[in-house]
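FYI, it's all coordinate maths here, none of it is from the lab. Note that this is a predicted model, so its numbers are computed, not measured. Positions of Cβ are backbone-derived with ideal geometry, glycine not excepted, and every protein chain shown enters the neighbour counts.
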Amino acid sequence: MDTVEVVVIGGGQAGLSSAYHLRRRGFAPGPGFVVLDHAPHPGGAWQSRWPTLRYGAVHGLHPLPGTVLPDAGAQRPSSEVLRAYFARYEETFDLPVRRPVDVRAVRPAVDGRLLVESDAGIWRTRAVVNATGTWERPFWPRVPGQAGFAGQQVHTRHYPGPGAFSGRRVVVVGGGTSAVQHLLEIAGSAAETTWVTRRPPRFREEAFDAAAGRRAVALVADRVRRGLPPQSVVSVTGLPMTEEMRRARERGVLDRLPMFDRMTANGVVWDDGRFVEADAVVWATGFRPVLDHLAPLHLREPGGGIRLEGTRAVRDARVHLVGYGPSASTIGADRAGREAAVELAGALAPSGDARRDVRQTVRPSAWTRLGSG
């Protein structure tokens, strides 16, 4: 059993942002904190993005703290660019990331600390920063007749790219940015596409400025304060209208149907009698927070969510959630990581081996160097 001051669970944007700010506030790698990452390689969820998602098409990307985004070609795969970026970041700032580590449970210890149990051992800690994100928990709606559909069903989590749907009749389900990206790609080679959403999509023509961003985040934060499961920030911002989307709308690709009521062996059916034949259904229906390992701490409210004050769980002050609810965006993860680190530095006041002079932990000359592609 290893003993550390803080365990960060998750090595994506939220986890690395938290680790960076912990170092800035004097927590030393090893005795001060450790990052446990489920993924086999650096890059967080970016390493698993579908192969045709190009770097220039990624929406809302914000740099990791202390750096600028890589200056890479817009047509390069986002997974390739961001995997390398995250790997250089971990090395440059000497972040103590252990991987692959599958955290199975976080439990209270008899001495007032927490025990983080994993397939790689147990860590005894004074605090946990949970930054597990959502990528490992895709949400699949359940529809009558779904199990009897004879065609292919795939979620965004395992979307193979448009080539797999060439010449086929494809139904894309979902109203978010990923759904639109899949639809535009698939429409170029599929025999036919149908777009289905639960609610009418809202396209945003106007610029998304800082004030609009704050309003969107406030809506998500309000749900978290009330102990309700969070909506994603993207769900309240609308879809940014691009020139490619305008052209697709003119061709009818973005004509949308409401959610179907059931599935048959060869298509989807609405109660009003409408039927669409389909060879494949792409479920771009989002993700849910990965939180099962926190169940022994009983953090959930009756409404189903975890209520936070800032990043701190109301039911257990030793636990901070970063990349959850209002901080579930790349810029939000940075801000939340800083907030959690500041509060933990004040509450834990690391000393001795757990603390190191900040001048030894961050090399300013490396900050802009990371920006090269």
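Per residue of the chain, the DSSP helices (runs of n ≥ 4 H) give a summed -39500 (n - 2.57) that works out to -7000 deg cm²/dmol at 222 nm.
Could you tell me the relative contact order of the range 56-157? Use alpha-carbon pairs under 8 Å, at least six residues apart, and round to a whole percent.
After rounding, I find 12 percent.
Relative contact order (percent) for the chain, with alpha-carbon contacts under 8 angstrom and 6 or more residues of separation?
27
DSSP finds beta bridges in the chain, and of those with both partners inside it, around 40 percent are antiparallel. Protection proxy ranking of 17-23, 246-252, by the mean of other Cβ atoms within 10 Å over each peptide's residues and highest first, is 17-23, 246-252. Counted by neighbouring Cβ atoms within 10 Å, the residues ASP334, ASP272 run from fewest to most as ASP272, ASP334. Kirkwood radius for the chain, taken over all pairs of different Cα atoms as the inverse mean of 1/r, rounds to 21.9 Å.
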